[in-house]
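Read-outs throughout are calculated quantities, based only on the coordinates presented, and are distinct from any laboratory measurement. On a predicted model such as this, the values are computed, not experimentally measured, just so you know. Here the Cβ is made from the backbone with ideal geometry for all residues, glycine too, and neighbour counts use every protein chain on show.
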Amino acid sequence: MNEYTNQQRAFLGSEDLRLPDDLRGPLRAHLDHLREAYRSRGWGGRVGFGARPAVVVIDLARYWLDARAQIGSHLDPVVEAICRILTAARAANVPIVFTTFDHDPAEPASPHDKKLELHLPADAGELFVLDPRLQRRPTEKVIRKHYASAFKGTNLHEVLAALGVDTLIVTGVSTSHCVYATCRDATDSFRVIVPREAVGERCELMHQVFLLDIDLDLGDVMEVDQVVRFLEARR
């Protein structure tokens, strides 16, 4: 059975960055072939869940979720999937951490800023407020970050260590950038689980390719239903 769910077949992202319809089927078939070829070489083993999970929700704010914004896109199904995970995690008293961009117009520019010139007003803070659908609680930590990884330049590792976490369920956007970078850094200390429908990307091709890379090299990509069942079993 093809590993892509019906939800992932539905359009997500930006209209101008979607795959041509005649390429979608062949691309996904090729990615399935690559997955099996890598597995035959020993890649793609399962890390599984540990004993103490936490959920991180990456960058679900208007700047990324408004399709009219510069780098925003249509990701409502991703938000809905994450809300399912949050409901199960809260019922099981599983820690939840959110991230957003720490916009500061006084921050010195870096060479990387030349790669993507963000057209932001000086007072852009409201663009990075968490989406209200997440219903974030005061006891749920918000990490404000300058970099792609939720770990770089933040105290996320210390927060998780203080909670005794051994498994990080990574959700949010974007698959090829902040989600991927966070998964990469997390593997040094945590089991990584990525619910397939709970991560998203403005570019359809990049989303599928980076999901495959995560599943082969960094963590377990699995269906949201599986993650929700795991969390519900902890209640």
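Please report, in whole Å³, the volume per residue of the convex hull around the C-alpha atoms of the chain.
Each residue corresponds to 134 Å³ of Cα convex hull volume.
Running a GNM on the chain with Cα contacts under 10 Å, which residue among 63, 38, 180 ends up with the highest mean-square fluctuation?
Highest fluctuation of the listed residues: 38.
Counting pairs of alpha carbon atoms under 8 Å apart in space and at least six apart in sequence, what relative contact order in percent does the chain give?
Normalised by residue count, the contact order of the chain is 29 percent.
What relative contact order, as a whole-number percentage, does the range 55-152 give when Cα pairs under 8 Å and 6 or more residues apart are counted?
With pairs under 8 Å counted, the relative contact order is 38 percent.
Want the number for residue 225 to residue 113: 0.36 nm per residue separation, take away the alpha-carbon distance, what's left?
Gain on extension, residue 225 to residue 113, equals 36.5 nm.
Of the candidates 141, 152, 114, which one comes out as most mobile in a Gaussian network treatment of the chain with C-alpha springs shorter than 10 Å?
Comparing 141, 152, 114 in a Gaussian network model of the chain, the most mobile one is 114.
So what's the back-of-envelope 222 nm ellipticity for the chain, counting only DSSP H runs of four-plus at -39500 (n - 2.57) apiece and dividing by all residues, rounded to 500?
Computed mean residue ellipticity for the chain: -10000 deg cm²/dmol.
I'd like the Karplus ³J(HN,Hα) series for the range 41-54: coefficients 6.51, -1.76, 1.60, θ = phi - 60°, whole numbers in Hz, and an x wherever there's a Gly or Pro.
Running phi through 6.51 cos²θ - 1.76 cosθ + 1.60 with θ = phi - 60° gives 9, x, 7, x, x, 9, 8, x, 7, x, 8, 9, x, 9 Hz.
Just to be sure I understand: with springs between alpha-carbon atoms less than 10 Å apart, which residue in 197, 158, 107 has the highest mean-square fluctuation in the Gaussian network model of the chain?
Among 197, 158, 107, the largest GNM mean-square fluctuation belongs to 107.
Run the numbers on the range 105-217 and let me know its relative contact order in percent, using alpha-carbon pairs under 8 Å that are six or more apart.
Result for the range 105-217 is 20 percent.
Compute the length gained on full extension between residue 188 and residue 92: take 0.36 nm times their separation in residues and subtract their Cα-Cα distance, giving the result in nm to one decimal.
32.0 nm
Would you mind pulling out the separation of the Cα centroids of the range 166-233 and the range 29-68, in Å?
When both Cα centres are located, 3 Å separates them.
Which lysines have a Cα less than 20 Å from the Cα of residue 115, not counting those fewer than 8 places away in the same chain?
Once the sequence-local lysines are set aside, what remains near residue 115 is 145, 152.
So what is log10(I(q)/I(0)) for the range 120-175 at q = 0.22, 0.23 1/Å, when the Debye sum runs over its Cα atoms only?
-1.20, -1.28
Where does each of 166-177, 92-103 land if you order them by average Cβ count within 10 Å, highest first?
Packing proxy ranking, top to bottom: 166-177, 92-103.
Taking 0.36 nm per residue of sequence separation and subtracting the Cα-Cα distance, how much length would be gained by fully extending the chain between residue 157 and residue 80, in nm to one decimal?
25.0 nm is the gain from fully extending residue 157 to residue 80.
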